[in-house]
Amino acid sequence: MATRTPDIGSDDSASADADTRLIDAALVCIARWGVTKTTLDDVARQAGCSRATVYRAFPGGKDALFLAVAASEIERLARAVGRAVYDAADLEHAVVAAITTTARALDDHDAFRYLMAHEPGVILSHLAFAELDALLVVAAARTGPSFARFLGSNVEAQRLAEWATRIVISHTCSPSSGVHLADDASVRRLVRAFVLPGLLVAT
């Protein structure tokens, strides 16, 4: 039986822990039922707390909770990409690592896979127009600095991060039979042919 999550009080660490439990519970529910069918009661039940606790943590209700889920998962992915790039020996390996790390994380993400299979509009609505621009800004700001040591320029590093993000989005939304983003060799061919030449010209 799941343990009951304590009600959120004024202590920041307790509040953050409760938020994390609710976000994790929401991810489980989304992977099981999707966004449309998941209710706050479902999330509360999965987290082992009351519905009132969910509302205290996210006064905006379901929309606020799901926005927090998206922000949390973007941050989690950005940290994973940052670690992968940090471990890379050169720019080519860094770009390949960033793309493959992202692709594998998405492949292994139960909630993301469910939404792409059953509610693609939930994902795709955030990958167009102003929503896409906002996502690219976040990606550039969070992962761009990881590339700076290879390029000597924060501006070029952020441009590269945006470029890599666009590649992942494009191939995720419209997969190509010739490119497999979770495969190192496939991504390396893509990076050598289309990414690095553009960077070399720009720099």
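The values are calculated or read from the model by the stated rules, or taken from the named source; none is laboratory data. This structure is a prediction, so every number in the text was calculated from the model and none was measured. Note that each Cβ is placed from the backbone with ideal geometry, even for glycine, and that neighbours are counted across all protein chains shown.
For this structure, a couple of remarks:
Yes or no, residue by residue, for (1) within 30 Å of L196 (Cα to Cα); (2) under 16 Å from the mean Cα position of the chain (by Cα):
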site: C29; (1), (2): no, no
site: T53; (1), (2): no, no
site: L67; (1), (2): no, yes
site: I74; (1), (2): yes, yes
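- Listed by first and then second residue, the pairs linking a residue in region 116-142 that is more than 15 Å from S170 (Cβ to Cβ) to a residue that is β-branched (V, I, T) and in a helix (DSSP H, G or I), with Cβ atoms under 7 Å apart and 6 or more places separating them unless they lie on different chains, are E119/V35; E119/T36; V122/V35; V138/I74.
- Any hit, region 40-48, residues being exposed (fewer than 14 other Cβ atoms within 10 Å of the Cβ), assigned to a helix (DSSP H, G or I) and among the β-branched types (V, I, T): no
- Residue within region 98-117 that is at pLDDT below 95 and either within 30 Å of V43 (Cα to Cα) or in contact with a Lys or Arg (Cβ under 8 Å, 6 or more places away or on another chain) (or both) present: no
- Close pairs (6 angstrom Cβ cut-off, 6 or more residues apart or separate chains): assigned by TED's automatic domain parsing to the domain that holds L106 in region 173-189, exposed (fewer than 14 other Cβ atoms within 10 Å of the Cβ) anywhere: A182/D107
- The condition of being in contact with a helix residue (DSSP H, G or I) (Cβ under 7 Å, 6 or more places away or on another chain) and acidic (D, E) holds for only one of D133, D184, that being D184.
- Criterion applied to T101, T165, T172 was being surrounded by 15 or more Cβ atoms within 10 Å (Cβ to Cβ), more than 22 Å from L27 (Cα to Cα) and among the hydroxyl-bearing types (S, T, Y), and the one residue passing it is T165.
- A89 being surrounded by fewer than 18 Cβ atoms within 10 Å (Cβ to Cβ), over 18 Å from the mean Cα position of the chain (by Cα) and either at pLDDT 95 or above or not assigned by TED's automatic domain parsing to the domain that holds W163 (or both): yes
- Of everything listed in (1) touching a Ser or Thr at 6+ places or on another chain (Cβ under 8 Å); (2) surrounded by 14 or more Cβ atoms within 10 Å (Cβ to Cβ), the single unmet condition for E131 is (2).
- Residue list for region 175-193, filter: among the hydrophobic types (A, V, I, L, M, F, W, C) and either within 23 Å of V138 (Cα to Cα) or surrounded by 13 or more Cβ atoms within 10 Å (Cβ to Cβ) (or both): V179, L181, A182, V187, L190, V191
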